[in-house]
Amino acid sequence: MTRAWILPVLLMLCGSAGAARLASGGAPGAAVALLVVFVLLAGVNSPLVFPRSIDALEARRRSTADGRPVVYWRPGCQYCLRLRLRLGRSARELYWVDIWRDPAGAAAVRAVNDGDETVPTVVVGGRPHTNPDPAWVRGQLSRRT
């Protein structure tokens, strides 16, 4: 759990330190702008941007039952963020597994990526796809319905 928040907290601390330095140097406008940028960066790299994660076993069980894809991801991954943002609201139709919170999810990703924890790894119909194009994933969702 705490591992997922390390990057957002570091971004907030760095932004706060930089903003304090700018403000004490007589540039309050620049301080506010810098702080806003760091708050936004922390927000998009936090677990709050992604739909609620479930564990890998539950995701596989649900995917088998209804055919929805499973996405293995981790906070701070730019490719996971790209996938999430490009999917928009349809991202909630997927099952998201945070590999930093779920050792079984991390093991599943390593098993299909030659021992590496390469994310996002999307499993559709039991077949893994590493870092697929978001448009392709969206197409898999529309094909399912």
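Tabulated results
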| read-out | value |
| --- | --- |
| Segment 60-91: number of residues that are assigned to a helix (DSSP H, G or I), hydroxyl-bearing (Ser, Thr, Tyr) and under 9 Å from the mean Cα position of the chain (by Cα) | 1 |
| Hits in segment 1-16 (condition: surrounded by 12 or more Cβ atoms within 10 Å (Cβ to Cβ) and either within 13 Å of PRO75 (Cβ to Cβ) or basic (Lys, Arg) (or both)) | ARG3, ALA4, TRP5, ILE6, LEU7, PRO8, VAL9, LEU10, LEU11 |
| Matching residues, segment 83-99, being of a type outside the set (Gly, Ala, Ser), surrounded by fewer than 21 Cβ atoms within 10 Å (Cβ to Cβ) and farther than 11 Å from VAL137 by Cβ | LEU85, ARG89, ARG92 |
| Sole exception among (1) buried (at least 16 other Cβ atoms within 10 Å of the Cβ); (2) touching a Lys or Arg at 6+ places or on another chain (Cβ under 9 Å); (3) touching a residue at least 60 places away in the same chain (Cβ under 8 Å) for ALA108, by number | (3) |
| Count - residues of segment 57-80 that are more than 20 Å from PRO103 (Cα to Cα) and of a type in the set (Asp, Glu) | 1 |
| Subset of segment 22-59 that is in contact (Cβ under 8 Å) with a residue 40 or more places away in the chain, in a loop (DSSP other than H, G, I, E, B) and hydrophobic (A, V, I, L, M, F, W, C) - its residue that is surrounded by the most Cβ atoms within 10 Å (Cβ to Cβ) | PHE50 |
| Test result for ALA19, small (Gly, Ala, Ser), out of contact with any strand residue (DSSP E or B) (no Cβ under 7 Å at 6 or more places or on another chain), surrounded by 14 or more Cβ atoms within 10 Å (Cβ to Cβ) and modelled with pLDDT of 95 or more | yes |
| Residue under evaluation ALA65, criteria (1) buried (at least 19 other Cβ atoms within 10 Å of the Cβ); (2) assigned by TED's automatic domain parsing to the domain that holds VAL137; (3) without any contact (Cβ under 8 Å) to a residue 40 or more places away in the chain, criterion not met | (1) |
| Subset of segment 92-124 (residues that are part of a loop (DSSP other than H, G, I, E, B) and touching a Pro at 6+ places or on another chain (Cβ under 6 Å)) | LEU94 |
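Conditions tested, residue by residue: (1) touching a strand residue (DSSP E or B) at 6+ places or on another chain (Cβ under 6 Å); (2) farther than 21 Å from PRO132 by Cβ; (3) of a type in the set (Val, Ile, Thr).
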{"position": "ALA4", "(1), (2), (3)": "no, yes, no"}
{"position": "SER53", "(1), (2), (3)": "yes, no, no"}
{"position": "VAL70", "(1), (2), (3)": "yes, no, yes"}
{"position": "CYS77", "(1), (2), (3)": "no, no, no"}
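The values are calculated or read from the model by the stated rules, or taken from the named source; none is laboratory data. On a predicted model such as this, the values are computed, not experimentally measured, just so you know. Here the Cβ is made from the backbone with ideal geometry for all residues, glycine too, and neighbour counts use every protein chain on show.
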